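Here's the structure we're looking at; comments come further down.
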Amino acid sequence: MLKKTAINKISELAVQLMQKGTLIAPVQEAAGFNFREISDAKQVNLNFHNTILSPKAAFFPQMEDFVQYQTGQSIMEAVPVELNVKPTFLFGVRPCDVKSFEIMDIHFSGTGVVDPYWRARREATTIFGYAFDLDEPAQAEEFYQTLGIGAADPDGSDIFMIRKGETLLLKGITPKGEKLLTQLSRLADGSANEEEYFRNYISRGRDFKTRYTCVDDKNIAKKLEDIFDNGDFWMKVSDACLSCGVCTFVCPNCYCFDICDETLFGKGTRRRVWDACMFTDFTLEASGHNPRAQVFQRLRQKIKHKYSYHVRKYGVISCVGCGRCTRHCPVNIDIFSIVEEAMTV
């Protein structure tokens with residue numbers, strides 16, 4: 001089923017979605033675009049390349065409360081924070097970010113211990129994927145195509161969207177997406193020519209180049225194992241690193257978190273907050289020992305986790321080539337260049 005609407009009528013579509021649940025979509029902010037919960041339909045803006053932060057916070061918030069309690073009282077008096085999830089529409093997600101959700105599903109749903117918070121949000125959310133503009137070159141930091149992700153790849157989306165001039169084409173990919181499209185009265189039916197355009201665009205997206213060195217998961221996993229003890233290499237590639245953690249916070253596939261307790265005036269809250277393996281005290285033990293006290297050890301861990309450990313354990317690289325880590329690194333460290341160099345050591 002193919003539907004369409006004019007780009008200048010996106011707000012009308014947004015209104016319909018907001019009437020059905022929570023709408024999370026790209027909005028323009030002072031520093032760039034980010035996904036935000038929409039309160040005004042006119043906020044929705046599809047004139048972006050990609051967002052600063054990945055949309056993973058829709059399922060894995062930067063901070064979420066689990067339990068509330070009174071200090072001094074029995075733990076049996078603690079009250080779980082109710083997870084009140086409404087139907088949610090995640091609108092305008094690029095294919096590389098959609099792929100990241102499938103990889104994150106492994107950790108939160110596929111290892112035998114299910115995270116109920118992640119699962120509830122995933123099940124309640126309809127994903128509107130959004131193809132990259134194939135008439136514009138990829139940004140220098142991006143390399144999703146080298147990991148097998150197409151610029152117009154509909155896999156993982158419930159509804160996939162392609163822009164054709166001033167028209168937005170929307171096609172149902174899953175039964176959930178098909179059902180929703182039938183309920184959106186503001187959308188018109190797409191024509192046969194537009195159906196063909198949609199198919200051709202997806203095909204073109206598979207050939208759209210980001211960078212030219214394709215990454216073979218098993219080869220890179222083995223190579224990174226072989227050079228684990230090559231201190232000269234790791235110190236060289238990490239020489240400029242500040243351990244600021246920006247790369248992990250913008251990454252769609254980083255999932256490290258800490259559990260913290262905060263108390264104020266006798267009221268306590270236990271919550272989950274994002275953490276980062278690049279932080280100095282991430283591995284600091286109660287004894288005072290830190291097995292990864294040096295910067296090169298932490299950067300090595302980050303890269304080997306994504307390109308070696310994750311491949312060995314789950315059979316997939318834990319990176320989708322979105323380029324955010326490089327784009328926002330204050331010292332211009334490029335993870336893809338490190339991977340390329342590692343293959344030649």
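Just so you know, all these numbers are worked out from the coordinates, no wet-lab data involved. Computed from a prediction, not measured in an experiment: that's the story for all the values here. Don't worry about glycine lacking a Cβ; one is built from the backbone with ideal geometry, like all the others, and counts go over all protein chains shown.
Pairs of Lys residues in the range 217-342 are counted when their Cα atoms are under 23 angstrom apart and they lie 8 or more places apart or on different chains; the count is 19. For the range 93-249, the calculated P(r) over all alpha carbon pairs, in 10 Å bins from 0 to the bin holding the longest distance, is 9, 27, 31, 22, 8, 3, 0 percent. Over all Cα atoms in the range 34-85, the spread is summed up by Rg and Dmax: 17.5, 53 Å. Listed values for the range 55-68 are Karplus-derived 3J(HN,Hα) couplings in whole Hz (6.51 cos²θ - 1.76 cosθ + 1.60, θ = phi - 60°), namely x, 4, 5, 5, 10, 9, x, 4, 8, 9, 7, 10, 9, 10, and x replaces Gly and Pro. Distant-in-sequence amide contacts of Leu23, defined by a placed amide H-H separation under 5 Å and a gap of 5 or more residues or a different chain, comprise Ile38, Phe89.
Mind ranking 260-269, 50-59 by how tightly packed they are, going by the mean number of other C-beta atoms within 10 angstrom, highest first?
Ranked from most to least packed, the peptides come out as 50-59, 260-269.
Using a cutoff of 8 angstrom between alpha carbon atoms and counting only pairs six or more residues apart, the relative contact order for the chain works out to 21 percent.
Amide H contacts under 5 Å for Thr125: Thr88, restricted to partners 5 or more places along the chain or on a different chain, H placed in the peptide plane at 1.01 Å from N.
With viscosity 0.692 mPa s and temperature 37 °C, the Kirkwood radius over alpha carbon pairs of the chain converts through Stokes-Einstein to a diffusion coefficient of 150 µm²/s. Classify the range 217-342 as rounded, prolate or oblate, taking a ≥ b ≥ c as the square roots of the eigenvalues of its Cα gyration tensor: rounded when a/c is under 1.5, otherwise prolate if a/b is larger than b/c and oblate if not. Taking the square roots of the gyration eigenvalues as a ≥ b ≥ c, the range 217-342 is prolate.
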